[in-house]
Amino acid sequence: MSQAAAAPAEVPRLLAGIFITLLGVFVFSLSNALAKWLTGGYPVGEILFARSVVVLLVLAGFITRDDLRAMRQGGRFGLHAWRGLLSAVEVVCFYWAIVELPLAGGTTIYLAAPIYVTALAAIFLREDVGWRRWCAVLAGFGGVLVALQPGGLALNIYTLVSLAGSFMYAASLVITRRLRGTPTTLLVTAQVVPLLLITAASAWPIQQPTSLVGGWLLPGWRDAAILGLVGLLSMVGYLCINRGIQMAPASAVTPFNYTSIVWASILGYLVFGEVPTAALLAGATIIVAAGLYIVLREHVRGVARPPPLV
């Protein structure tokens, strides 16, 4: 069969990959909105503990002996440990930040993480990054600053936590590039276990409960179901996004991850009455444009991108 005849046959698979990616982004956004709603009555530590338990229970059915053998043979325990710790802390940062930040605001700051990956990969992995991508990185930083301008997001502990989390997310993605070949189920497990341990420690009795730790409550049936749903949706979102990358080139599906800002804005308005400011929308637009340009340049140069994380 000629290449010309084979190309049209790939179109349905490409469209399916894009659709599954879009579905995964929506499911993740819905999970984040539910988690933000739960922070009104439960500390972040408890929410993330329940999320981790559900994710691990689902993953347990997918891990095979071949997966465990591949991880043992692959070694690099130190990289797995650093990645797991960074991933756990950045998830805590995101959930803690959206306690006070608008859902669209927290999402906007995290959209810059793939841009930071380009800078970190150039510094730590010695990847060749041309002047065009460096300009896009600087533009992405500029987008974050625009979003933090007066009239956008206030510069406070929550925005600083969100910024720190986005840098840790970027660092975990850079480490993921070094762990290519590791089964995806094990990558997620190595990420969720540290999160489970960290959040379990937050259950220690504290006299003055905060939005982050302490004050764990026994949820009623409705809230328990929602807590479980947050974990289940996170797992489904992860599977969808990674399946999308398997079905279509990363350069084709990665841009659709940026639709998360659309869903965050819609859900933030419908559920919490949050109206994105002009500065926030302008910053998000600059960040998305810079990210899309980097994706385009990496596609042209044939630079592999790591799969998104939970």
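None of the figures in this text is laboratory data; all of them are computed from the coordinates on show. Given the structure is predicted, the values throughout are model-derived calculations rather than measurements. Using ideal geometry, Cβ is built from the backbone for each residue, glycine included, and neighbour counts are taken over all protein chains shown.
Details
- Calculated FRET value between L14 and L270, using beta carbons and R₀ = 30 Å, to 0.05: 0.45
- Prolate/oblate/rounded label for segment 43-185 (Cα gyration tensor, a/c 1.5): oblate
- Charged-residue dipole, Cβ positions (Lys, Arg, Asp, Glu), the chain about Cα centre, Debye nearest 20: 820
- FRET efficiency estimate (nearest 0.05) - Cβ-Cβ, A81 to W204, R0 22 angstrom: 0.40
- Spin-label model, R69/A278: points 7 Å from Cα along the beta carbon direction are separated by 6.3 nm.
- Only the Cβ atoms of Lys and Arg (+1) and of Asp and Glu (-1) were treated as charged; on that basis the dipole of segment 92-250 about its Cα centre amounts to roughly 440 debye.
- Under the Debye formula (equal points on every Cα, no solvent term), log10 I(q)/I(0) of the chain at q = 0.09, 0.11, 0.12, 0.13 Å⁻¹: -0.45, -0.68, -0.82, -0.96
- Largest GNM mean-square fluctuation among A154, A284, A50, using the chain with Cα springs under 10 Å: A154.
- The helix-based estimate of mean residue ellipticity at 222 nm for the chain, built from -39,500 (n - 2.57) per DSSP H run of four or more residues and divided by its residue count, is -25000 deg cm²/dmol to the nearest 500.
- Mean Kyte hydropathy of -1.0 or more with a Cα span along the axis of at least 18 Å, helices from DSSP in the chain: 3-38, 44-60, 77-97, 131-147, 157-178, 184-201, 221-247, 278-301
- Cβ-Cβ FRET estimate between Q149 and L23, R0 fixed at 35 Å, reported to 0.05: 0.55
- Charge dipole of segment 27-163 (Cα centre as origin; +1 on each Lys and Arg Cβ, -1 on each Asp and Glu Cβ, all else neutral): 360 debye, rounded to the nearest 20.
- Counted without the sites themselves, the longest stretch of the chain free of trypsin sites (Lys or Arg not before Pro) in a DSSP loop having at most 14 other beta carbon atoms within 10 Å is 181-310.
- Inter-probe distance in nm under a simple model that places probes 7 Å from Cα toward Cβ, at A289 and A122: 2.0
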